[in-house]
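Student: The structure's right below; bear with me while I get my questions together.
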Amino acid sequence: MDFLEYIRLVFTDYTLRTITLGTAILGAVTGMLGSFAVLRKQSLLGDAISHAALPGIAIAFLITGTKDSNVLLLGALISGLIGTFWIRGIITKTHLKSDTALGLILSLFFGFGMLLLTFIQKQPNANQAGLDKYLFGQAATLLESDVWMMATVTGICLIILLLFWKEFKMLLFDADFTKTLGFNTKAIDILITSFIVLAIVLGLQTVGVVLMSAMLLAPAAAARQWTNSLGKMVFLAAIFGALSGVFGTAVSATQNNLSTGPVIVIIASVFVLVSFVFSPSRGLLFKQIRFIKNRRDLKLNKTLAFMYGIAETHENISHPHTVKILNNFQGFTKGTLQKLVHKNYVTLEGNMWSLTKKGFQAASNLYNQQNDDE
Amino acid sequence: MAQKIAVKVDDLTVAYNYKPVLWDIDLEIPEGVLMAIVGPNGAGKSTLIKSILGILKPIAGSVSIYDKPYEKQRQLVAYVPQKGSVDWDFPTTALDVVMMGTYGSLGWIKRPKQKEKKQALEALEKVGMLPFKNRQISQLSGGQQQRIFLARALVQNASIYFMDEPFQGVDATTEIAIINILKELRKAGKTVIVVHHDLQTVPEYFDWVTFLNVKKIATGPVKDIFNDDNLTKTYGINYKVSIQE
C-alpha cells in the first residue's frame with residue numbers, strides 16, 4: 001500500500017480510521033499528562049505504572065475468563081494504581097529514594113505478571129492466546145468502543161486540567177508553598193497521578209506495557225525544548241503525541257507487518273531528536289552556533305580594543321601602524337583584521353593599519369560598556 | 001509594654017526517624033519584631049519554620065497564630081522557601097511565580113484576574129523586578145530569583161512572614177535591598193521571622209533573635225541576649241563577636 005492509497009483509506013476504511021483516531025487521541029492525552037510527569041521529575045513513574053499493570057490484566061483474565069479489553073484494562077487500572085501508591089508509600093515511609101522504589105515495584109509487578117502469563121498459557125484452554133499482545137501492544141485490535149473510551153477519558157482529563165490548572169501548576173513548581181496556602185497538596189497529587197495511570201492503562205492495548213512510558217515522556221521532552229510556558233508545553237506535547245500516533249499508524253499500515261506500537265514510539269523519538277537539535281533557544285545546534293559566534297565577536301572586540309589602546313596614544317587616531325605590532329597581541333589573526341576592515345573599523349594599506357573614526361568610536365563604546373559592567 | 005504574641009509554639013518536637021531534630025521547643029514571638037533564627041547547620045532552623053507552617057508533621061506540640069490554631073490563620077502567614085527548593089528551569093515567567101502569591105486568597109478553581117495581576121505587578125515593583133516580569137525564571141540571577149520569591153510573599157499581604165535563608169547566595173546589593181524591604185514590613189507592624197546564617201549582621205539587621213540547636217537556647221531582644229555566652233551555648237565553641245554598641 002503506498003502513501004496516497006493510505007490517505008484515501010483513512011477516510012474510507014473503517015478499521016484504519018479507527019486505529020488512526022485511537023492512536024492520535026492516545027498520543028494527545030499521554031503527551032498532555034506526560035508534561036506533568038516530566039516536570040515533576042517522575043519520568044520513570046510511567047514505566048513503573050505500565051509494568052505494574054500487567055499482573056492486573058492476567059488476574060482479570062483468570063477471574064473472568066474473557067478477553068474483553070474493557071474488563072482486562074480495568075484489572076490493569078487497579079493493579080497500576082496499587083503499584084503507584086505502593087511506590088509513594090515506600091518513598092514516604094522508608095529511607096529508599098524514588099528510583100529504588102520505582103525499580104523495585106516495576107520488576108516485582110512485571111515479574112509477577114509474566115509468571116501469571118506463562119501460567120495462563122500452560123492451561124488447557126483455547127481461549128488463552130493473545131494476552132501477550134499487552135506486552136508490545138497491537139493497534140490493529142482497537143475497536144470503535146475502545147476509541148470512544150479513550151475520547152471520553154481525554155475529554156474528562158481536559159476538563160480537570162482546565163479546572164485545576166492553577167493548582168497543578170503551583171504544585172509542580174513549589175509543593176511546600178502550595179501547602180502553606182492551605183491547598184490539599186495530597187489531593188492534587190493523587191488527582192494528577194490517577195490520570196497518568198488512567199492514560200497509561202488506556203495505551204496498553206495499543207503500545208503495550210514495555211514501550212508505554214515513551215508515549216508519556218517523548219512528546220513532553222520534545223515540547224519542553226520549544227517553549228518556556230507551561231500551557232504551550234502541554235499543548236505542544238499533545239500535538240506531538242497525536243502526530244506520533246497518526247504518522248506511526250501511517251508508516252505501519254503502508255509498510256507490511258510493521259508493528260504499530262514500536263513505530264509510534266520511534267516517530268515520537270524522532271520528534272525528541274529534532275527538538276533537541278533544532279529548537280531555537282534550547283537546541284544543541286543553535287546553542288553551538290551562538291557559542292561560536294560569541295567567541296568570534298569577543299576575539300574581534302579584543303583586537304579592536306588592543307588597536308584602540310595604541311591609537312589612543314597618538315593625536316591623530318588614524319595614525320598608521322605596522323601590522324607587526326599586532327603580533328604582540330595574543331589571539332590576533334589575519335581573519336579578524338580582514339573582518340575589521342570589512343566593517344570599516346580599520347583601513348589597511350600595505351603593512352600598515354589605521355583605525356577609522358567609526359572604529360575608534362566603536363572601540364571607545366566597547367571600553368565604556370566594559371567599565372559599566374564592573 | 002504589653003505586646004501581642006504573633007506566633008506561639010508549644011512543646012514542639014520533630015524527628016526524622018529516631019533522631020530528634022527539634023526537642024520540646026517553646027517559643028513566643030511578639031508582634032512587630034524582625035527576628036533572626038540562628039544556629040549551626042543541622043540545628044533545625046528550617047525544620048522549625050516548616051513545622052510551624054505545617055509542611056512537616058511534628059511528633060508533638062502545637063502552633064498558634066494570634067491565639068488561634070495555625071490552620072485557621074493561614075491567610076495571615078506568608079512563606080519564602082529556600083531558593084534551592086524549587087526547579088528554576090520550570091517553564092514559567094517571573095510574573096507568573098509572583099501571581100502564585102494570590103492563589104491562596106483565590107481558593108480552589110478560581111482564576112487570577114486583573115486585580116491579582118495588578119497586585120503582582122506592584123510587588124514586582126517593590127522588589128525592583130518590574131523590568132524582568134516576562135523573563136523566564138531560569139534566566140534570572142540568584143539574587144533576582146530570591147527577589148521574585150520575596151515578591152510572591154509580599155503579594156500574600158500577610159501579617160507574619162517566614163523566610164528561609166533569604167540572603168543565601170545573593171550579592172551585597174540584593175542583600176541590602178531585601179533587608180530594607182524587611183525593615184519596611186516591620187515598620188508597617190508586620191512580624192518577620194528569618195532563618196539567618198551570618199552572625200556578623202544580626203545586630204545590624206534584626207531586633208529580636210532566637211538561638212536554636214535542636215533545643216531552644218534563648219530568645220529575646222538582640223540587645224539583651226546576643227552575647228558570647230549564648231553564642232557559645234549554641235555553637236559549642238568559644239564564640240566571640242564584637243557587637244557594635
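The values are calculated or read from the model by the stated rules, or taken from the named source; none is laboratory data. Because the structure is a prediction, the values reported are computed rather than measured. Note: ideal-geometry Cβ built from the backbone for every residue, glycine included; neighbour counts use all protein chains shown. For the accessible areas, the whole protein counts, side chains as well, though only heavy atoms, and no ligand, DNA or RNA atoms are used. Shrake-Rupley method; radii C 1.70, N 1.55, O 1.52, S 1.80 Å.
Student: Somewhere in the stretch B:130-151, is a residue surrounded by 24 or more Cβ atoms within 10 Å (Cβ to Cβ) and closer than 15 Å to residue A:178 by Cα?
Tutor: yes
Student: Take the stretch B:39-60 and flag every residue that is surrounded by fewer than 18 Cβ atoms within 10 Å (Cβ to Cβ) and more than 14 Å from chain A (Cβ to nearest Cβ).
Tutor: B:40, B:41, B:42, B:59, B:60
Student: From the list A:271, A:286, which residue is open to solvent by 70 Å² or more (accessible area, probe 1.4 Å) and touching a Pro at 6+ places or on another chain (Cβ under 7 Å)?
Tutor: A:286
Student: Here's a check for you: in the stretch B:180-190, which residue that is in contact (Cβ under 8 Å) with a residue 12 or more places away in the chain and open to solvent by 30 Å² or more (accessible area, probe 1.4 Å) is farthest from residue B:66 (Cα to Cα)?
Tutor: Result: B:183.
Student: Let me ask another. Going by the structure shown, is residue B:114 polar (S, T, N, Q), more than 21 Å from residue A:179 (Cβ to Cβ), more than 14 Å from chain A (Cβ to nearest Cβ) and touching a helix residue (DSSP H, G or I) at 6+ places or on another chain (Cβ under 9 Å)?
Tutor: No; evaluated as a whole, the condition is false for this residue.
Student: When the residues of the stretch A:86-108 are filtered to those that are in contact (Cβ under 8 Å) with a residue 40 or more places away in the chain and surrounded by fewer than 14 Cβ atoms within 10 Å (Cβ to Cβ), which remaining residue is farthest from residue A:210 (Cα to Cα)?
Tutor: Going through the qualifying residues, I end up with A:99.
Student: What pairs can you find where one residue is in the stretch B:156-179 and closer than 26 Å to residue B:117 by Cβ, the other is open to solvent by less than 30 Å² (accessible area, probe 1.4 Å) and in a loop (DSSP other than H, G, I, E, B), and their Cβ atoms are less than 6 Å apart, with a gap of 6+ or different chains?
Tutor: B:178/B:166
Student: Can you pull out the residues in the stretch A:225-242 that are in a helix (DSSP H, G or I) and buried (at least 19 other Cβ atoms within 10 Å of the Cβ)?
Tutor: Across the stretch A:225-242, the qualifying residues are A:230, A:233, A:234, A:236, A:237, A:238, A:240, A:241, A:242.
Student: Determine which single condition residue B:106 fails, assuming it passes every other condition in (1) more than 9 Å from chain A (Cβ to nearest Cβ); (2) without any contact (Cβ under 8 Å) to a residue 24 or more places away in the chain; (3) of a type in the set (A, V, I, L, M, F, W, C); (4) closer than 27 Å to residue B:31 by Cα.
Tutor: (1)
Student: Another question, then. Got a sec? Which of A:172, A:162, A:143 is more than 26 Å from residue B:151 (Cα to Cα) and within 14 Å of chain B (Cβ to nearest Cβ)?
Tutor: After ruling out the rest, the residue left standing is A:162.
Student: Just to be sure, is residue A:228 at pLDDT below 95 and under 14 Å from the mean Cα position of the chain (by Cα)?
Tutor: In short, yes.
Student: Among the residues of the stretch A:172-213, what is the count of those that are within 25 Å of residue B:92 (Cβ to Cβ) and in a loop (DSSP other than H, G, I, E, B)?
Tutor: 5
Student: Further, regarding this structure: Only residues in the stretch B:193-210 that are under 12 Å from residue B:175 (Cβ atoms) count as the first member; pair them with residues that are surrounded by fewer than 19 Cβ atoms within 10 Å (Cβ to Cβ), Cβ under 6 angstrom, at least 6 apart or cross-chain, and list the lot.
Tutor: Qualifying pairs under 6 Å: B:205/B:179.
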